[in-house]
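The values are calculated or read from the model by the stated rules, or taken from the named source; none is laboratory data. Because the structure is predicted, anything quoted here is derived from the model rather than measured. Neighbour counts run over all protein chains shown; Cβ positions are idealised from the backbone, glycine included.
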Amino acid sequence: MIVIGVIYLLIMIMDFYPIIKHKKVKHLIINLMFIIPGLIFLFLAAKGIIVKSWITIIWEFLKSLGISY
Amino acid sequence: MKKIFILVFLLLCSLFLVGCWDAREINTLFIVTGIAIDKSEQEGFFDVSVIGIKTSPSRGGSQSSDDKDKKIVLKTTTRSIRDAFFHLNLNYDRTLYLQHNQIVIFGEDVAKDDLHRHLEFFVRSENSRMETLMLIVEGRADEVFKMDVKQEQNSTIYLFTHIQTISRRVKHYKISVLNFIANLLTEGFHSVIPIFAVNKNDDDDMPINMTGFAVFRNNKMIAKITDLEALGFVLLKGDVKNTNRTIISYDGMVSFDFDDIKTKKEIIYKDNYPIKIKITIEITASVEELLGFEKYSIQDLNRELHNIVQQEIINVATQTFKYFQELKVDVFGIGLSIYQHHPKKWNNLRNDWDNIFASLEVEINPKVVIKDYGQIVSIYNPGGVK
Amino acid sequence: MTIAETKISGRQFMYSIICFIQASAILNAFISNITYQESWLVVIFAFIIFIPSVFMYGALINRFKDKNLIQIIIQIFGPVLGRIISVIYLIFFLSITMFNITDLTDITKTSMLPTTPYIILVMMCILITAWAVRSGLRVLTIYSKMYVFLASFIIILSIIFLFNVIEIGNLFPIFSLPLKKYVQGIHILNAIPFGELVVFLLIAPNVQMNKKQTYKYFFLGASIGAFSFFLTVLRDISVLGETFGMFVFPSLVAFRLIRITEAITRIEILFIVILIILLIFKISILYYVTVITVSQIFNLKKYKNIVLSVGFFLMTAAIVLSANSIQHTLAAQNGAPFIWVTLQIIFPFILLLISLIFNIKSPKEESK
């Protein structure tokens, strides 16, 4: 799984190369904003930890408010 | 530079992402064509047999004499179907491949006990297909696999072809897993499954006979109907392409083909309570064989035959209907039609429907048109006896 | 400032909408175990209830020509509050993209590649859609017309092929369920296939059409999409009967029943192919919208450089944040529609109302 993640990141060099070349700090920050949580998720997935489904979290929150069928 | 990069990337893709992750070669598969389920002597266990075809490289030319060796039967005794496949996969060199399964055969004992628990697997499994046919065999189901079929590769392929052929005429002979489950879930409706018997007689090459229908109340087989009731059932169900009946009367014997049978059911209510059912059976009949009846002129003959066939249909249909009323199973979907068209009325009837069905008055109303007398116009009477 | 450089025609916009609805329609599992054999009725009612929303979207597009949803929000609520609301929308777009990726990989896994690891399927999906998104809106939508015809052709073909197993009686009885079920069914349908059309508010500024055409194409697209949804549901119920509510993918089971003698059989692959095409299309639209939202929030001039990193996030999140399909469906049926509809229908309506009351419009033709 990590291997696949790394392959993907390698493909992303395509994007990073022009960013670094033109020193676009803003783009870099936004990219990292997505990549870092992505990496965290990747390691969680590789460890076999499946976080509760996002949609279920929403549902349980709504249920606690009493909004549900 | 960029183009070369993309090219290399695509080439790498085609190398590593070809989707051969779960490659299953045909020489590692056991292609299952039929499954038979029987009760085991051990309480709570079942004998599960699977039959498959031997896959061998085609040699070209005519098929050699070892055709008979092409059938392979595997057998195990377990608590559930999935468990059986697990066992067989563990103890056999090839992996069982279910996608081409044609038929699921149940022994009579299993059918009388509980059919539902065995079907769960077939519905849930992604590998099984819902249009797999179902049938019941008198006695033990695995007897079918021992049969010697000359024309086909193995007995389940024979049975499958057989059912396909006869269901072209009467579609009620063909019950798939999906049909049966849909019927189980449908309100006000009980199901039937064709029942077969293995021919123990060695004189002919007809290995298996169709004997009628097994009648189910929910998931349990409660009775079987043969000959006359089976014909009555087909007539009352309607939507049939072709069936036939030979009638012996005082004047002679006549064989009819019944084509395009259409049945209409009309329920008569009294205070929102069904009391009577009028069944109209429309049939186009044709005379196939006629012996006797010498004393009739052509016009009289037509009238007489018409009477005979009308009367016969009334008799057979009424008798069959009464039979099902005694069993208290509504296999004709009368309850279903109330549910579909008058759901409010149905709410009051639902719980007691079996008894209500048993107490219904029935009126059979045949509408027969005799359209065809075959190639000859007159009565076949070569001796010239007038 | 609009980000996307290219413009698409009104017709392409319409075909994209049809494609978008067909993609969800073909799945139709979300309501099957709530309203059973009456689902076809629910589809009709849900669409009738959705029609005002279509015109509401149209009005919003016309009022703010050359502005997408995020720009409208920022204009009305100011840069700070507007961005906070936009982030909520971003999370919403990310979630629905993620769920659609999960759907796509689920169906590929169950029907074709049962033992292929999840991450490979997700990655292939992301890479292909990322490629499309990077190429821009015009490339993205150019084939929508073909997809629509292909999908419609296959739907009609399947109805013809299944004609011998169709039982019209299966469609009855009607109005036999408790009222609450209908409300829930209509609510879900308004959230999941229909309400998702809100994403087209982000694409609309790149479409060349006048005010009248906006309504026309939006309405036509939605109604043709809804009609094919109706046909699929009708076909599945009449074929499967009471088992309709049992399966994860009722259409797949229906397609498996096609058997015209021995020659035409096992053609469910057709269904899977068309489903994958449509879902890929839908995912790429959603993905595009997500990326546009991100770049709009941060005021970027080009969105291309962030496509792959958003994809990386989507890929890993789709794997980690998806539980089993039963939980997924339950949550989608019972909880999600409340939030979805708020974002999809109620909030845009509030936007329209505010803009009407305070007479906020997009400034007339800035000099470029």
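Candidates are the residues of segment C:126-141 that are of a type in the set (Gly, Ala, Ser) and away from every other protein chain (no Cβ under 11 Å); the one that is nearest to C:ILE277 (Cα to Cα) is C:ALA132. When the residues of segment B:166-211 are filtered to those that are within 14 Å of chain C (Cβ to nearest Cβ) and aliphatic (A, V, I, L, M), the one that is nearest to B:ASP260 (Cα to Cα) is B:ILE175.
Yes/no matrix, rows are residues, columns are (1) over 30 Å from B:LEU178 (Cα atoms); (2) in contact with a Lys or Arg (Cβ under 8 Å, 6 or more places away or on another chain); (3) within 14 Å of chain A (Cβ to nearest Cβ):
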residue	(1), (2), (3)
C:LEU257	no, no, no
C:LEU279	no, no, no
C:SER295	yes, yes, yes
C:TYR303	yes, no, yes
C:PHE312	yes, no, yes
C:THR316	yes, no, yes
C:SER322	yes, no, yes
C:HIS328	no, no, yes
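For B:ILE364, the conditions (1) within 23 Å of B:PHE258 (Cα to Cα); (2) hydrophobic (A, V, I, L, M, F, W, C); (3) within 14 Å of chain C (Cβ to nearest Cβ) are fulfilled apart from (3).
When only residues in segment B:176-203 that are assigned to a strand (DSSP E or B) and of a type in the set (Gly, Ala, Ser) count, which is surrounded by the most Cβ atoms within 10 Å (Cβ to Cβ)? That would be B:SER176. When segment B:178-196 is filtered for residues that are modelled with pLDDT of 90 or more and in contact with an Asp or Glu (Cβ under 9 Å, 6 or more places away or on another chain), the ones remaining, listed by number, are B:ILE195, B:PHE196.
Selection of helices (runs of 4 or more DSSP H) fully inside segment B:104-166 by the criterion of at least 3 residues being touching a residue at least 12 places away in the same chain (Cβ under 8 Å) and touching a Gly at 6+ places or on another chain (Cβ under 9 Å) returns B:143-146. Checking each residue in segment C:330-339 for being in a helix (DSSP H, G or I), within 8 Å of another protein chain (Cβ to nearest Cβ) and under 19 Å from C:ASP103 (Cβ atoms) picks out C:LEU330, C:ALA331, C:ALA332, C:GLN333, C:ASN334, C:ALA336, C:ILE339. Do we find a residue being closer than 21 Å to B:PHE121 by Cα, among the small types (Gly, Ala, Ser) and either in contact with a strand residue (DSSP E or B) (Cβ under 9 Å, 6 or more places away or on another chain) or in the same structural domain as B:LEU349 (by TED's automatic domain parsing) (or both) anywhere in segment B:210-226? No: zero hits. Filtered by the rule that a residue be modelled with pLDDT of 85 or more and under 27 Å from B:LYS150 (Cβ atoms), segment B:200-222 gives B:ILE208, B:ASN209, B:MET210, B:THR211, B:GLY212.
Here C:SER158 fulfils each of the conditions (1) part of a helix (DSSP H, G or I); (2) among the small types (Gly, Ala, Ser); (3) facing another protein chain (nearest Cβ under 9 Å) apart from (3).
Scoring C:SER86 on the criteria (1) within 12 Å of another protein chain (Cβ to nearest Cβ); (2) touching a helix residue (DSSP H, G or I) at 6+ places or on another chain (Cβ under 6 Å); (3) not aromatic (Phe, Trp, Tyr) leaves a single failure, condition (1). A Cβ distance below 7 Å, combined with a sequence gap of six or more or placement on separate chains, defines the contacts here; from segment B:80-93, residues that are in a helix (DSSP H, G or I) and crowded, with 16+ Cβ neighbours inside 10 Å reach residues that are among the hydrophobic types (A, V, I, L, M, F, W, C) and at pLDDT below 90 in the pairs B:ILE81/B:PHE121; B:PHE85/B:LEU96; B:LEU88/B:LEU96. Remark: pairs (first residue in segment B:356-378, of a type in the set (Gly, Ala, Ser); second residue assigned to a strand (DSSP E or B); Cβ separation under 9 Å; 6+ apart in sequence or on different chains) = B:SER359/B:ILE275; B:GLY374/B:SER286; B:GLY374/B:VAL287; B:GLY374/B:GLU288; B:GLY374/B:GLU289; B:GLY374/B:LEU290. Here C:THR342 meets the list (1) at the interface with chain A (Cβ under 8 Å from one of its Cβ atoms); (2) more than 22 Å from A:ALA45 (Cβ to Cβ) almost entirely, failing just condition (1). Tell me, please, whether a residue that is under 16 Å from the mean Cα position of the chain (by Cα), at the interface with another protein chain (Cβ under 9 Å from one of its Cβ atoms) and without any contact (Cβ under 8 Å) to a residue 24 or more places away in the chain can be found in segment C:104-117. Looking for residues that are under 16 Å from the mean Cα position of the chain (by Cα), at the interface with another protein chain (Cβ under 9 Å from one of its Cβ atoms) and without any contact (Cβ under 8 Å) to a residue 24 or more places away in the chain, one finds none in segment C:104-117, hence no.
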